[in-house]
1. Quick check on the range 62-74. Is at least one of its residues under 15 Å from HIS30 (Cα atoms), surrounded by 14 or more Cβ atoms within 10 Å (Cβ to Cβ) and either of a type outside the set (Gly, Ala, Ser) or touching a residue at least 60 places away in the same chain (Cβ under 8 Å) (or both)?
2. Check off (1) without any contact (Cβ under 8 Å) to a residue 24 or more places away in the chain; (2) surrounded by 15 or more Cβ atoms within 10 Å (Cβ to Cβ); (3) assigned to a loop (DSSP other than H, G, I, E, B) for SER172 and give me the number that stays unchecked.
3. Kindly indicate whether GLU31 is out of contact with any Leu (no Cβ under 8 Å at 6 or more places or on another chain) and over 18 Å from THR116 (Cβ atoms).
4. Is it true that GLY114 is without any contact (Cβ under 8 Å) to a residue 24 or more places away in the chain and either hydrophobic (A, V, I, L, M, F, W, C) or over 17 Å from ASN42 (Cα atoms) (or both)?
5. What single numbered condition from (1) modelled with pLDDT of 95 or more; (2) over 22 Å from SER34 (Cβ atoms); (3) hydrophobic (A, V, I, L, M, F, W, C) fails to hold for VAL123?
6. Run ARG118 past the list (1) crowded, with 17+ Cβ neighbours inside 10 Å; (2) in contact with a Pro (Cβ under 8 Å, 6 or more places away or on another chain); (3) part of a loop (DSSP other than H, G, I, E, B) and report the number of the one that doesn't hold.
7. Give the range 77-115 a look and list any residue that's surrounded by 14 or more Cβ atoms within 10 Å (Cβ to Cβ) and of a type in the set (Val, Ile, Thr), or say none.
8. Filter the range 121-139 down to the residues that are on the phi < 0 side of the Ramachandran plot, surrounded by 13 or more Cβ atoms within 10 Å (Cβ to Cβ) and in a strand (DSSP E or B) and list them by number.
Amino acid sequence: MISVSGTDLLIAPPAMPDPRFRRAVLMLTHEHDSGSFALCVNRLTTHTLRDVLESSNIDVMNPPAIPVYWGGPVSTNSLWMLHSTDWVTDDTAIISSAWAMTSSESMFHSIADGDTPRHFRIVMGYCAWTQGQLSAELNGNGPWQKQHSWLVAQNLGPEWLLEQDPENLWGSATTLCSHQAVDSWL
């Protein structure tokens, strides 16, 4: 039985039936009785933070052209900053001793002023599962099959996760749990 906890990585299998998650790496940010919440961290969009703020009519002086990532298919108009805990605001949710996430208009002003965490990524949208759904997917319980199941890896922290080239992150994350890949996928 595979279980997960906050900040674990969920790595999409090669045979992932949902094309939105092909070669995706998700960071689980919340796992509780009512469900699970994660952010995809390796899917770059064509948008920058500047584009998004201008199209949303959010007034920020000199917003930077920071890349924005696809965080998941739920609430794709929401913006989240996944980041290290060396920077927090009153609106920051602490996930662990190394990880936090923020979603507020004030974070855009801070970013524009150059006041940022050491490691961060801006994502649009998020991933969510209802109570028991992620567990069923992880364990191959119907209608899910084991070869379509997510792999789970322990997150090595902001430096490891956010400093890698997003194009290579799926391969690196798969390597972290290669024994699980053999058991699940072959």
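The values are calculated or read from the model by the stated rules, or taken from the named source; none is laboratory data. Just so it is clear, the model here is predicted, and its values are computed rather than measured. Cβ placement follows ideal geometry from the backbone for every residue including glycine, while neighbour counts extend to all protein chains displayed.
1. no
2. It is condition (3) that SER172 fails.
3. Considered against the rule, which asks whether it is out of contact with any Leu (no Cβ under 8 Å at 6 or more places or on another chain) and over 18 Å from THR116 (Cβ atoms), GLU31 comes out as no.
4. Details: without any contact (Cβ under 8 Å) to a residue 24 or more places away in the chain: yes; either hydrophobic (A, V, I, L, M, F, W, C) or over 17 Å from ASN42 (Cα atoms) (or both): yes.
Considered against the rule, which asks whether it is without any contact (Cβ under 8 Å) to a residue 24 or more places away in the chain and either hydrophobic (A, V, I, L, M, F, W, C) or over 17 Å from ASN42 (Cα atoms) (or both), GLY114 comes out as yes.
5. It fails just one condition, (2).
6. (1)
7. Those that are surrounded by 14 or more Cβ atoms within 10 Å (Cβ to Cβ) and of a type in the set (Val, Ile, Thr): THR85, VAL88, THR92, ILE95, THR102, ILE111.
8. Restricting attention to the range 121-139, the residues satisfying the condition of being on the phi < 0 side of the Ramachandran plot are 121-124, 126-131, 133-139.
Filter once more, so that each one left must be surrounded by 13 or more Cβ atoms within 10 Å (Cβ to Cβ): 121-124, 126-129, 133-139.
If the condition is that a residue be on the phi < 0 side of the Ramachandran plot, surrounded by 13 or more Cβ atoms within 10 Å (Cβ to Cβ) and in a strand (DSSP E or B), then ARG121, ILE122, VAL123, MET124, TYR126, CYS127, ALA128, TRP129 are the ones that fit.
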